[in-house]
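Every number in this text was worked out from the coordinates using simple rules, so none of it is lab data. A quick note: this is a predicted structure, and the numbers were derived from the prediction, not measured. Methodologically, a virtual Cβ is constructed for each residue, glycine included, from the backbone with ideal geometry; neighbour enumeration extends over all protein chains shown.
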Amino acid sequence: MSTLHTWAGLLLGWVLYAMFLTGTVSYFKDELSQWMRPELPRLSQIPDQAVVAQRLADELGNIAPGTSQWSIRLPDERNNSVYAFWRTTPRNPGQRGFGEGNFDPATGQRVASRDTLGGEFFYRFHFQFHYMPVVWGRWLAGAAAMFMLVAIVSGVITHKKIFVDFFTFRWGKRQRSWLDAHNSLSVFGLPFHFMITYTGLVTLMALYMPWGEQVAFKTPAERQQLSAELSAFIQPDKPSGQKTALASVADMVRQAQERWGRDSIGRVTAVHPGDAAARVSVARGEAGRVSMSPQYMEFEGATGKLLTVRESVGAAAETRGVLYALHLGRFSDTEMRWLYFLVSFMGTAMVGTGLVMWTVKRRQKLPDPGCPYFGFRLVERLNIASIAGLSIAMTAFLWANRLLPHPFESRADWEVHAFFIVWGLTLLHAVVRPARSAWVEQLWAASALLFLLPLLNAFTTQRPLWHSLVEGDRVFAGIDMMCWALALLHAVLAIRTARQGAISQSRIKPKRQAPVVTSREAAG
Amino acid sequence: MNHLLPFALSLAGFTALAFAVPRQQRDIIGRPLQPTTTYVLRVAGTCALLFALGILVAEKGWSIGLVMFSGHTSIAAGIVLCALIGQARMVR
């Protein structure tokens, strides 16, 4: 069981670490997106969603006439832009069949802000990675989640004493301390870690386990019924071919606001807008209910007549809806989101301490510590690049957001390229430098980049920290201060790692080298 | 929504439970406590945690209540552990 735990944890451990950390920051993805579009003013109060919906419907009529479907996510407490996408007819095979964009809620025009993926990049990377077909990425994420599940269950069995030793931490005892830290981090968040891993698999279950569905639902009508249980998207039927303008979208949204509350509208979707057969669905937002199951009102597009109200789904679909929602945490208020963030951060540290422990345990048994075998060196270097290196790469992504010129051809892509280029460089650095120096240097680099980011923000935007504090702009002030907190964390880890190195080098027995990092580091 | 009371209860609950463990009694107080005291601490700690759960569920319903409880307890346990580490370091 112990061997199973070790190898299940290690083999996809680097992937898991990256998934955990990017997933953790994704709880604040909307805030990050706001920070990464500094030209877009902050919404001090949420505009009337009905008015914004109408504005966007008009604009999409201009941008995408004749589209078979468009969908808009309305602005809310956490979003100061409106995201919209619409289907297009691909001219060439292989071309994407949709267009998308962010819009200014005040004008309905495309945002005149820098081109960026914003927090969306970390979110997408978290479950489908990048530079590979989306389906492959999702399968890889699923495999990693499966390994994680095995590691959690086998970990509870292996470290039988984790519950007895609940409050035990033995400081300065090398391997023992590492194990204690790893155990504490695991056991405190155990319900969360188990939940997040299992529900992570549930979010993509239709991809991983499609067979039941394929056997059970054969006719198009059955399939349509299935998709109605899972999402508020209406599948486009055949258009009538007869042109008819869309009735007032604002009125439809108003009816939904009366039912669910003024700011509780999530999405508005229209199929065949401008056609006599048009239909519009107004879906309830995700805040305040622990379920991703669709709740929506469906209207006849041409007349604005209410056709149906859907507020519940079958038991199986609801189970999925709840598990899905638990994973994403979008129902939560600010305090809840911070709890999610912190416990998820502990999960990241759990994976990180586990990875480092592999080397700590084996270092003592090395026949010649000066010249470890290939496998050991490989794990050691990959640990450095995937733990300290990822902190640098993620910060570099934010630096690129502020430094790349705009307008600039495929700017959003270059922000992402910058992330991967920097990450690649950290691996190169980890390979060419001695392991301990590589840890210390990379931790210092991450600390410096994080510390300087608010200063860079002050020089390159109109929204420096003092301005944000005076204005009460929580998003900008929060991110600036979070950068400093993380810079401090990385600095502490760098100092501790360097000090441990100095101590162990002064010892006579070179065999008993100190672990190179401390427990918190993984969290960085 | 007031997070303060359930959080304080979780913190108190875990503190009581930590003092109910022989190893921690030895480390902090220097001697094991009476079995009755240990028992009372254990019951009090459990009650505090259940009380926190009760408040959250009553206010927010089972779904959000349970999620919040999980978050509160994780953080509270972490704080208690950090305090114990800090205490041990100060003594040394």
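Here is how the numbers come out for the structure above:
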{"quantity": "Close pairs from region A:173-193: first among the hydroxyl-bearing types (Ser, Thr, Tyr), partner part of a helix (DSSP H, G or I), Cβ under 8 Å, at least 6 apart", "calculated": "A:Ser177/A:Ser519; A:Ser184/B:Gly78; A:Ser184/B:Leu81; A:Ser186/A:Ile152; A:Ser186/A:Gly155; A:Ser186/A:Ile162; A:Ser186/A:His193; A:Ser186/A:Met350"}
{"quantity": "Residue ID - nearest to the other protein chains (Cβ to nearest Cβ), chosen from residues in region B:1-10 that are surrounded by fewer than 21 Cβ atoms within 10 Å (Cβ to Cβ) and part of a helix (DSSP H, G or I)", "calculated": "B:Leu4"}
{"quantity": "Where B:Ile55 falls short, out of the listed (1) hydrophobic (A, V, I, L, M, F, W, C); (2) within 14 Å of chain A (Cβ to nearest Cβ); (3) surrounded by 13 or more Cβ atoms within 10 Å (Cβ to Cβ); (4) farther than 20 Å from A:Phe166 by Cα", "calculated": "(2)"}
{"quantity": "So A:Gly137, is it surrounded by 19 or more Cβ atoms within 10 Å (Cβ to Cβ) and either of a type outside the set (Lys, Arg) or not in a helix (DSSP H, G or I) (or both)", "calculated": "no"}
{"quantity": "Residue within region A:337-360 that is within 14 Å of chain B (Cβ to nearest Cβ), within 30 Å of A:Ser231 (Cα to Cα), part of a helix (DSSP H, G or I) and out of contact with any Ser or Thr (no Cβ under 8 Å at 6 or more places or on another chain) present", "calculated": "yes"}
{"quantity": "Set A:Leu366, A:Leu378: member being hydrophobic (A, V, I, L, M, F, W, C) and in contact (Cβ under 8 Å) with a residue 60 or more places away in the chain", "calculated": "A:Leu366"}
{"quantity": "Residue within region A:204-219 that is closer than 20 Å to A:Ser71 by Cβ and among the basic types (Lys, Arg) present", "calculated": "no"}
{"quantity": "Index of the failed condition, A:Arg377 passing every other in (1) of a type outside the set (A, V, I, L, M, F, W, C); (2) in a helix (DSSP H, G or I); (3) crowded, with 17+ Cβ neighbours inside 10 Å", "calculated": "(3)"}
{"quantity": "Residue list for region A:272-288, restricted to those being of a type in the set (Ser, Thr, Tyr) and surrounded by fewer than 20 Cβ atoms within 10 Å (Cβ to Cβ)", "calculated": "none"}
{"quantity": "Region A:148-172 - residue that is in a helix (DSSP H, G or I) and within 14 Å of chain B (Cβ to nearest Cβ) and, of those, nearest to A:Thr348 (Cα to Cα)", "calculated": "A:Ile162"}
{"quantity": "Candidates A:Gln34, A:Gln54 - the one that is touching a strand residue (DSSP E or B) at 6+ places or on another chain (Cβ under 9 Å) and buried (at least 16 other Cβ atoms within 10 Å of the Cβ)", "calculated": "A:Gln34"}
{"quantity": "Residues located in region A:288-335, provided they are hydrophobic (A, V, I, L, M, F, W, C) and in contact with a strand residue (DSSP E or B) (Cβ under 7 Å, 6 or more places away or on another chain)", "calculated": "A:Met297, A:Phe299, A:Leu306, A:Leu307, A:Val309"}
{"quantity": "Which listed residue, of A:Val313, A:Val322, is within 14 Å of chain B (Cβ to nearest Cβ) and either out of contact with any Gly (no Cβ under 9 Å at 6 or more places or on another chain) or in a loop (DSSP other than H, G, I, E, B) (or both)", "calculated": "A:Val322"}
